[in-house]
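This report concerns only the one structure given below.
The values are calculated or read from the model by the stated rules, or taken from the named source; none is laboratory data. Worth saying up front: this structure is predicted, and the values here are computed from it rather than measured. Neighbour counts are summed over all protein chains in view; Cβ atoms, including those assigned to glycine, are modelled from backbone coordinates with ideal geometry.
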Amino acid sequence: MLGKFEDLIEKASGMGLKAYFVDAGDIPVENRIALKCAYGCRGYGKRLSCPPNVMSVEEFRKIIEEYNSALLLVDERDTSQVSDVLEAWGEIRKDSFHKMLELEQEAFREGFTFAHLLRPGSCNECYTCNLEKCIKPELRRFAPEAVGINLQKAMEKAGLVLEFCNPEKTVCVGVLLLE
């Protein structure tokens, strides 16, 4: 099984992603993370892949218990020459998501039947989300924070530091759950 993880990590590297193996049980799921979505995110309730339109933190806790491992996927971009990082953020995370989704599909082909990606940032596949029914369900994934994952602590457990508010470097983080 270790060989399969190594293959995925190598494939991630070939896509420009850094991948770090973690035990799924070591991924911290905290109720307070959802607070940042509900009170602090201008996208709250505006997408089917964001709270309150996703499973609860408690429901996700039950699901993550069924996984034994995961890959933290990190896509680091040099944004020192970008005049407006917030404006560029949408395209950066969309590109990162598509690479990470390709890795999820590769994991499935490698035998990880229940591989599931938690995407960097909120979904932005459509300009405006159709809150009645997702028109791109094959791309619908939610962010780790939407279900309570504390990415900062998860990365610390992997020996990494998640920097906030650094306009020189933009980091997109996804979590690929594996069984």
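Residues of the stretch 121-142 that are among the polar types (S, T, N, Q) and either surrounded by fewer than 18 Cβ atoms within 10 Å (Cβ to Cβ) or over 16 Å from the mean Cα position of the chain (by Cα) (or both): Asn124, Thr128, Asn130. Here Arg42 passes the criteria (1) under 26 Å from Cys165 (Cα atoms); (2) surrounded by 15 or more Cβ atoms within 10 Å (Cβ to Cβ) except the one numbered (2).
Candidates in the stretch 80-131 are the residues that are β-branched (Val, Ile, Thr) and at pLDDT 90 or above; of these, the one that is nearest to Glu179 (Cα to Cα) is Thr113.
Looking only at residues of the stretch 69-120 that are assigned to a loop (DSSP other than H, G, I, E, B) and under 12 Å from the mean Cα position of the chain (by Cα), we find that the one that is surrounded by the most Cβ atoms within 10 Å (Cβ to Cβ) is Arg119. Residues in the stretch 121-144 that are assigned to a helix (DSSP H, G or I) and in contact with a Gly (Cβ under 9 Å, 6 or more places away or on another chain): Pro144 only.
Selection of first residues in the stretch 44-64 that are at positive phi and of second residues that are surrounded by 15 or more Cβ atoms within 10 Å (Cβ to Cβ), restricted to Cβ pairs under 8 Å at least 6 apart or on distinct chains, gives the following pairs, ordered by first then second residue: Gly45/Pro51; Gly45/Asn53. Show the residue pairs meeting these rules: Cβ distance below 6 Å; 6+ apart or different chains; first residue within the stretch 157-171 and in a strand (DSSP E or B); second residue of a type in the set (Lys, Arg). What qualifies is Thr170/Arg77.
Just one residue in the set Glu132, Glu138, Glu179, Glu163 is closer than 14 Å to Arg47 by Cα and among the acidic types (Asp, Glu); that residue is Glu132. Cβ-Cβ contacts under 9 Å between residues 6 or more apart (or on different chains), taken from a first residue in the stretch 94-111 that is closer than 11 Å to Leu17 by Cα to a second residue that is assigned to a loop (DSSP other than H, G, I, E, B) and among the aliphatic types (A, V, I, L, M), are listed as Ser96/Leu17; Lys99/Met15; Lys99/Leu17; Met100/Met15; Met100/Leu17; Leu103/Met15; Leu103/Leu17; Leu103/Ala115.
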